[in-house]
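Asker: One structure, pasted below without further comment.
The values are calculated or read from the model by the stated rules, or taken from the named source; none is laboratory data. Values in this document were obtained by computation on a predicted structure and should not be read as measured data. All Cβ positions, even for glycine, are placed from backbone atoms using ideal geometry, and neighbour counts span all protein chains on display.
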Amino acid sequence: MSRMKILVVDDESRMRKLVHDFLVKEGYVVLEAADGEEALDVFYAEKDVALVILDVMMPKMDGWQVCREIRENSKVPIIMLTARADERDELTGFEMGVDEYISKPFSPRILVARVEAILRRTAGAEKNEVLEAGGITLDKSAHIVKIDGRQVDLSFKEFELLNYFLENKGIALSREKILNNVWNYDYFGDARTIDTHVKKLRSKLGEKGDCIKTIWGMGYKFEVAK
């Protein structure tokens, strides 16, 4: 994990320094930006940013605009920070392809733990490991999903969710279990986090989205028709 570049974007210099110091202590290279426009300039100039920590409320361009711009060109993991505890913001973020969503104030140690969890999953896929089911092919090392040979564009979290479903084909999975395994930490939000991602994933999988079955009152199960 060491020496990976992380872009921290926040208009509050004290917040940037706090996050910077904790990440540097863990061996990361930290890049900083004070507003949305500067964030995009740094992101495109560096080209090898491994993860973006992005504040929502910023001058010039807010976090949503920056996220939208990055998502048009990159699947880099994004953690959004916000001072507002509005669940609608959280759902909006997940709809846009945000991988984690943390409300201020937060523990820097928790933030670092989530950064490490995301980067571990991003870099830890075994080479040449490919999962296949019902015409869906998922290549972990290349981070590519194909349906009947046609490539499908998934966000980082959608990819991880599909991977978890394929690894547990035919098994009923509770929302709690999905959150703890895909998000890799004890999530304290509500079930709509999972439901939002499943809805997006089903849509992108087209007809194959029917393989993700809803188990009412519990969660989901990935099942291929015989």
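Asker: Kindly evaluate residue 140 against the criterion of being touching a helix residue (DSSP H, G or I) at 6+ places or on another chain (Cβ under 8 Å) and either assigned by TED's automatic domain parsing to the domain that holds residue 96 or over 16 Å from residue 220 (Cα atoms) (or both).
Answerer: Numbers: touching a helix residue (DSSP H, G or I) at 6+ places or on another chain (Cβ under 8 Å): yes; either assigned by TED's automatic domain parsing to the domain that holds residue 96 or over 16 Å from residue 220 (Cα atoms) (or both): yes.
Yes, satisfied.
Asker: Which of the residues belonging to the range 97-116 are closer than 22 Å to residue 74 by Cβ, touching a strand residue (DSSP E or B) at 6+ places or on another chain (Cβ under 7 Å) and not in a loop (DSSP other than H, G, I, E, B)?
Answerer: If the condition is that a residue be closer than 22 Å to residue 74 by Cβ, touching a strand residue (DSSP E or B) at 6+ places or on another chain (Cβ under 7 Å) and not in a loop (DSSP other than H, G, I, E, B), then 100, 101, 102, 111, 114, 115 are the ones that fit.
Asker: Let me ask something else about it. Condition first: among the small types (Gly, Ala, Ser) and at pLDDT below 85. Can you find one or more residues in the range 74-88 that meet it? If you could, list the steps in order and put the result at the bottom.
Answerer: Start the filter on the range 74-88 by keeping residues that are among the small types (Gly, Ala, Ser), which leaves 74, 83, 85.
Now restrict to residues that are at pLDDT below 85: 83, 85.
So far as the range 74-88 goes, yes, one or more of its residues are among the small types (Gly, Ala, Ser) and at pLDDT below 85.
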